[in-house]
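*Asks:* Once you've had a glance at the structure underneath, I'll fire off some questions.
The values are calculated or read from the model by the stated rules, or taken from the named source; none is laboratory data. Quantities reported herein were computed from a predicted structural model and do not represent experimental measurements. Every residue, glycine among them, receives a Cβ derived from its backbone with ideal geometry; neighbour counts consider all protein chains shown.
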Amino acid sequence: MNQMIHIVDDDTPFRAATARLLQLRGYVVAEYPSAENFLEHVGRTGEVGCVLLDVSLPGLSGPDLQMRLTKLGSLFPIIFLTGHGDVPMTVRAMRAGAEDVLTKPVSQQALVDSIERAFAHYEMQHAQQEWVRDARSRLEKLTPREREVFEFVVRGKFNKQTAHALGITERTIKAHRQRIFDKLGARTIADLVSLAERVGVLADAPATNRPHTEACC
């Protein structure tokens, strides 16, 4: 599947020349003269891709568009293009999640290298997001009691401690734990802890309650 590049720049000759270059490299390219035009089109089609974004645009500026996309939860990798070096702006853009800031005129190889890094980062983020979404879906399969037991397990509590806290027998705890392993597709306590950390279950756990890997069941 060809990768999509969105060029958002009000400089028509630059936009057209960059589009030709990237098309020759095998990318699918869409051009937009303004941030508003980009938002209107992408909001309608949902085409994901890397955004080559001019800093100074009429109307909504490049950084303003970046902020808007962030608020929308977009994972679009953004590469800023600027006509002059501006260190404070570069720092702000990178802190806000931009993949790169390139100063015009930019060499063909530097542009393509930056785009390839941006797509590699996007693929990694997308894979992580999909993993977390799948993990949360699996967690939803747990019954309320299994979810309680799960949270005790990933915080390093033994069966006896969990049974006492929940007012049920250790044998029942063991049965719940086995169902938890089956439903979450986990093989070890470490698998459960990793899942819990990545979906935020352990985010508020006190340091003294950091989980350990006791023997299963």
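*Asks:* Any idea which of A110, A96, A120 is surrounded by fewer than 18 Cβ atoms within 10 Å (Cβ to Cβ), farther than 21 Å from Y27 by Cβ and not hydroxyl-bearing (S, T, Y)?
*Replies:* Values: A110 fails: farther than 21 Å from Y27 by Cβ; A120 fails: farther than 21 Å from Y27 by Cβ.
A96 is the lone residue from the list that is surrounded by fewer than 18 Cβ atoms within 10 Å (Cβ to Cβ), farther than 21 Å from Y27 by Cβ and not hydroxyl-bearing (S, T, Y).
*Asks:* Now, a different point. Report, by residue number, each residue of the stretch 38-72 that is touching a Leu at 6+ places or on another chain (Cβ under 8 Å), more than 18 Å from V101 (Cα to Cα) and of a type in the set (V, I, T).
*Replies:* V48
*Asks:* Just checking, does the stretch 13-34 include any residue being small (G, A, S), surrounded by 15 or more Cβ atoms within 10 Å (Cβ to Cβ) and touching a helix residue (DSSP H, G or I) at 6+ places or on another chain (Cβ under 8 Å)?
*Replies:* Start the filter on the stretch 13-34 by keeping residues that are small (G, A, S), which leaves 16-17, 19, 26, 30, 34.
Add one more test, that the residue is surrounded by 15 or more Cβ atoms within 10 Å (Cβ to Cβ), and what stays is 19, 30, 34.
Still in the running and touching a helix residue (DSSP H, G or I) at 6+ places or on another chain (Cβ under 8 Å): 30.
Checked against the condition, which is being small (G, A, S), surrounded by 15 or more Cβ atoms within 10 Å (Cβ to Cβ) and touching a helix residue (DSSP H, G or I) at 6+ places or on another chain (Cβ under 8 Å), the stretch 13-34 yields at least one hit.
*Asks:* When you look at A127, is it surrounded by 15 or more Cβ atoms within 10 Å (Cβ to Cβ) and farther than 14 Å from V8 by Cα, yes or no? So that I can check it myself, show each step before the final result.
*Replies:* Numbers: surrounded by 15 or more Cβ atoms within 10 Å (Cβ to Cβ): no; farther than 14 Å from V8 by Cα: yes.
No.
*Asks:* Okay, next question. Going through R145, R133 one at a time, which residue ends up being of a type in the set (D, E, K, R), over 17 Å from the mean Cα position of the chain (by Cα), on the phi < 0 side of the Ramachandran plot and part of a helix (DSSP H, G or I)? Steps first, answer last, please.
*Replies:* Values: R133 fails: over 17 Å from the mean Cα position of the chain (by Cα).
Result of the check over R145, R133: R145.
*Asks:* Please go through the stretch 42-77 and give me each residue that is β-branched (V, I, T) and modelled with pLDDT under 95, ordered by number.
*Replies:* First pass over the stretch 42-77, keeping only residues β-branched (V, I, T): 42, 45, 48, 51, 55, 70.
Those that are β-branched (V, I, T) and modelled with pLDDT under 95: V42, T45, V48, V55, T70.
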